Amino acid sequence: KIYSQACAFCHDKGVAGAPKIGDAAAWSPRLAQGMEALYTVALRGKGAMPAKGGNPSLSDADVRAAVDFLVAQSR
C-alpha cells in the first residue's frame, strides 16, 4: 500500500532516473551499498527523490517496509 501511494509513480516508470521496480541491473549497484544506505536515501531523499517519497507523514518503519518491498521485487 505504501509503495503504491508514495513510490510507484516514479519507480514504476523510471521517472527522473528512479530505478524501476524489478530491474535487477539498475538495482544491483544500489543493493551493493547495503540496506542501511537504501533506507537512508528513502528517509532523507536524494537528487530528485524527496524524503519519504514526498509524504512526510509516513513513519520511518513504513518507509523501510516500502524499501523492503521494492528491493524484494528487484533482486
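The values are calculated or read from the model by the stated rules, or taken from the named source; none is laboratory data. All values derive from a computational prediction rather than experimental measurement. As a convention, Cβ positions derive from the backbone with ideal geometry for all residues, glycine included, and neighbour counts pool all protein chains shown. These area figures cover heavy atoms from the full protein model, side chains too; ligands, DNA and RNA do not enter into them. Shrake-Rupley method; radii C 1.70, N 1.55, O 1.52, S 1.80 Å.
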(request) For Ala61, work out the one condition from (1) within 14 Å of Lys1 (Cα to Cα); (2) among the aliphatic types (A, V, I, L, M); (3) in contact (Cβ under 8 Å) with a residue 12 or more places away in the chain it doesn't fulfil. (result) (3)
(request) Can you work out which of the residues in the stretch 34-50 that are part of a helix (DSSP H, G or I) and open to solvent by less than 40 Å² (accessible area, probe 1.4 Å) is farthest from Gln5 (Cα to Cα)? (result) Ala37
(request) Of the numbered conditions (1) in a loop (DSSP other than H, G, I, E, B); (2) more than 14 Å from Tyr3 (Cα to Cα); (3) in contact (Cβ under 8 Å) with a residue 40 or more places away in the chain, Gly22 fails exactly one; give the number of that condition. (result) (2)
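The rows are residues; the columns are (1) surrounded by fewer than 14 Cβ atoms within 10 Å (Cβ to Cβ); (2) out of contact with any His (no Cβ under 9 Å at 6 or more places or on another chain).
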{"residue": "Pro19", "(1), (2)": "no, no"}
{"residue": "Ala32", "(1), (2)": "yes, yes"}
{"residue": "Lys52", "(1), (2)": "no, yes"}
{"residue": "Ala65", "(1), (2)": "no, yes"}
{"residue": "Val71", "(1), (2)": "no, yes"}
(message) Please count how many residues of the stretch 54-63 are in a loop (DSSP other than H, G, I, E, B) and open to solvent by 40 Å² or more (accessible area, probe 1.4 Å).
(response) 4
